[in-house]
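See below for the structure under consideration.
The values are calculated or read from the model by the stated rules, or taken from the named source; none is laboratory data. Quick caveat, the model's predicted, so the values are computed rather than measured. Neighbour counts are summed over all protein chains in view; Cβ atoms, including those assigned to glycine, are modelled from backbone coordinates with ideal geometry. For accessibility, only protein heavy atoms count, side chains too; no ligands or nucleic acids. Shrake-Rupley method; radii C 1.70, N 1.55, O 1.52, S 1.80 Å.
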Amino acid sequence: LFQEKRKRLLAVATGLAHFYHRCLLEMKEADAVRRYLKSRKFGDDVQAGFLLGYAPKGMFALKKWAAKSGLTLEEMVDVGIVKQLRSPDDPGCHRLEGCLVVPVCDKAGRVVAFAAGRINEFKKTAKYIHSPKTLIFKESNTLFGFDKAAGNIARSDHQEAIVCNGLEDVIRLHERGFPVAVGSLETGFCDEHAELLRTVAEQVVLAFANN
């Protein structure tokens, strides 16, 4: 039963990532996020490669997509993108609404969580929040971009990894020819992350920015 539920939630998270990506491409209300990504010079290839997305405001679009996909509000809660329902009649609250959405994958490349950025166009910054701990996601054993970087690290001359504390920093490094970059989430860099990197890396460069 546990494994069946995990498999189901992994499928839900993957579906959500593609839903948010389509919203970024197609929705008028995503204009501000598209302008932000353009200002950061994140082109179409990067947006598609990291499956960047936009979470619509409110619950209407999300609930419509969920119903069409045969998903329930409870599954949205379980995957961490809707706040806990207080009663069967509670419409829920979309945690990520109005945000730039960055899917977070496990080491096997399966979407397990989301980082959501509130866009500040004036400052050209995004303040990110991350999914809570769920059945399929734990921050301390997840490194953003590891699924894309692991093979590159293992094949590189010095088997060297670059660890950042910003998701956009990781994306930028991959785009600029450093596909060995990974990122820690809100927990920072911990022992479990080091153990994960030890499976592919001999050396690690920490590139943490001061906030």
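One line per residue, one yes/no per condition, for (1) of a type in the set (Val, Ile, Thr); (2) farther than 25 Å from Val33 by Cβ; (3) under 15 Å from the mean Cα position of the chain (by Cα); (4) open to solvent by 20 Å² or more (accessible area, probe 1.4 Å):
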{"site": "Ile136", "(1), (2), (3), (4)": "yes, yes, yes, no"}
{"site": "Glu139", "(1), (2), (3), (4)": "no, no, yes, yes"}
{"site": "Phe144", "(1), (2), (3), (4)": "no, no, yes, no"}
{"site": "Asn152", "(1), (2), (3), (4)": "no, yes, no, yes"}
{"site": "Ser156", "(1), (2), (3), (4)": "no, yes, no, yes"}
{"site": "Leu185", "(1), (2), (3), (4)": "no, no, yes, no"}
{"site": "Asp191", "(1), (2), (3), (4)": "no, yes, no, yes"}
{"site": "Leu197", "(1), (2), (3), (4)": "no, yes, no, no"}
{"site": "Glu202", "(1), (2), (3), (4)": "no, yes, no, yes"}
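Of the numbered criteria (1) in contact with a strand residue (DSSP E or B) (Cβ under 6 Å, 6 or more places away or on another chain); (2) within 18 Å of Pro103 (Cβ to Cβ), the one Ser184 fails is (1).
Do any strands (runs of 3 or more DSSP E) lying entirely in the range 113-211 carry at least 1 residues that are among the aromatic types (Phe, Trp, Tyr), and which ones are they? Reasoning before the result, please.
Values: elements: 125-130, 160-164, 181-183, 203-207.
Fully inside the range 113-211 and qualifying: 125-130.
Taking the criterion of being touching a helix residue (DSSP H, G or I) at 6+ places or on another chain (Cβ under 6 Å) and either open to solvent by 30 Å² or more (accessible area, probe 1.4 Å) or touching a residue at least 40 places away in the same chain (Cβ under 8 Å) (or both), the residues of the range 86-111 that qualify are Leu100, Val101, Val102, Pro103, Cys105, Lys107, Gly109, Arg110, Val111. Looking at this structure, is Ile119 open to solvent by 50 Å² or more (accessible area, probe 1.4 Å) and either without any contact (Cβ under 8 Å) to a residue 12 or more places away in the chain or among the hydrophobic types (A, V, I, L, M, F, W, C) (or both)? It is false that Ile119 is open to solvent by 50 Å² or more (accessible area, probe 1.4 Å) and either without any contact (Cβ under 8 Å) to a residue 12 or more places away in the chain or among the hydrophobic types (A, V, I, L, M, F, W, C) (or both).
I'd like to know if the range 164-178 contains one or more residues that are hydrophobic (A, V, I, L, M, F, W, C), farther than 25 Å from Asp45 by Cβ and in contact (Cβ under 8 Å) with a residue 40 or more places away in the chain. Before you say what the answer is, go through the steps one by one.
Looking only at the range 164-178, we keep the residues that are hydrophobic (A, V, I, L, M, F, W, C), and these are 164, 167, 170-171, 173, 178.
Remaining after also requiring farther than 25 Å from Asp45 by Cβ: none.
No, that holds for no residue.
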